[in-house]
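Reviewing the structure listed below.
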Amino acid sequence: MNLHEDVAPQLDDLHLVVDRPLIISDADEVLVQFAAGLDSFLRDQGLYYDISSFAITGNVRRQDDNEAISGDDVQALLKAFFRERTEHLPAVPGAAEALKSLSKDAQIIVVSNVPVDQRDARIRGLKKIGIDVPVIANIGLKGVVVREIASQIDAPVYFLDDIPHNIASVAEHAADVHRIHFVADPRLARLIDPAQDCHTRIDDWPSAETYIRDHMRSKGY
Ligand SMILES: [Mg+2]
């Protein structure tokens, strides 16, 4: 499987060090509060995000009668949400501090499925919360892009994501990458079991930092 033609050129901008550990982090629901940000966006227009399952479609409801709106309407709203709010999402507590500390011993990049035309907004939004790292705007499951990036590294590589399909995709295409299933929002975290293909499930940054640091040390880094 090959990289998407809109994703491949973004990898040319990365300047990775071969023998330094690499942390590849998702953004939404790992570094920034996607669910909380989406709910607040929806509430401004008479809707809300009913976090009763991991899906978004079917869970966006009208405040006045609690009816779910259609899948097409949800897609249009998500587009508007990414356009208007990507730059302004609240931080996941401790994320910037943990990455800053880990950056002394590892290189860090973000691989996010934010729409490609919102990549710069994502970069600006992360900078605002103290995370100034390269960002790849990926399309589709993340296994292939992680494989391409990890193949340039001869040191431990870590991958963090909230979506089990992405964890499975990385397990399939880049089996050597250490996979941490991370779901920041406690309401979502309660709904979702540890991904089948993760090495560990951790939902807070102080614990993730300790885990990564201990693992790097066990590998001699
Ligand atoms: Mg995510």
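Residues with beta-carbon under 13 Å from that of G125, excluding G125: net charge, scoring Lys, Arg +1 and Asp, Glu -1? Before the final figure, lay out the partial values.
Numbers: positive: R83, R85, R119, R122, R124, K127, K128; negative: D28, E84, E87, D120, D132.
Every neighbour counted, the sum reads +2.
Coupling constants for segment 49-66 follow from the phi torsions by the Karplus curve (6.51 cos²θ - 1.76 cosθ + 1.60, θ = phi - 60°), and in residue order they are 9, 7, 7, 10, 7, 6, 6, 9, 4, x, 10, 9, 10, 7, 5, 6, 10, 6 Hz; glycine and proline get x. Summarising the amide proton neighbourhood of V32: residues at separation of 5 or more, or on other chains, whose placed amide H is nearer than 5 Å comprise V92.
For the chain, the longest principal axis of the C-alpha atoms and the axis of helix 205-218 are separated by about 20°. Where the alpha-carbon atoms of segment 34-88 are placed on the principal axes, they occupy 30, 18, 18 Å, in descending order.
Shape call for segment 1-40 from the C-alpha gyration tensor, a ≥ b ≥ c root eigenvalues: rounded (a/c under 1.5), prolate (a/b greater than b/c) or oblate? Oblate is the answer for segment 1-40, as a/c is 1.5 or above yet b/c matches or exceeds a/b. Compared with the dominant principal axis of the Cα atoms in the chain, helix 71-85 is inclined by about 60°.
With contacts taken as Cα pairs under 8 Å and at least 6 residues apart, segment 34-88 reaches a relative contact order of 25 percent. For the chain, the longest principal axis of the C-alpha atoms and the axis of helix 164-173 are separated by about 30°.
Looking at segment 34-88, the accessible area is 53 square angstrom per residue; that uses a 1.4 Å probe and ignores ligands, DNA and RNA. Ignoring lysines fewer than eight residues from K128 along the same chain, the ones with Cα atoms less than 19 angstrom from its Cα are K100.
The helix-based estimate of mean residue ellipticity at 222 nm for the chain, built from -39,500 (n - 2.57) per DSSP H run of four or more residues and divided by its residue count, is -11000 deg cm²/dmol to the nearest 500. Counting pairs of alpha carbon atoms under 8 Å apart in space and at least six apart in sequence, what relative contact order in percent does segment 1-107 give? Relative contact order comes out at 32 percent. Within the straight-line cut-off of under 12 Å between alpha carbons, the aspartates and glutamates reachable from K79 are D117, sequence neighbours fewer than 8 places apart in one chain being disregarded.
The values are calculated or read from the model by the stated rules, or taken from the named source; none is laboratory data. Computed from a prediction, not measured in an experiment: that's the story for all the values here. So basically every Cβ, Gly included, is an ideal-geometry build from the backbone, and we count neighbours across all protein chains shown. Side chains included, ligands, DNA and RNA excluded: accessible areas come from the protein's heavy atoms. Shrake-Rupley method; radii C 1.70, N 1.55, O 1.52, S 1.80 Å.
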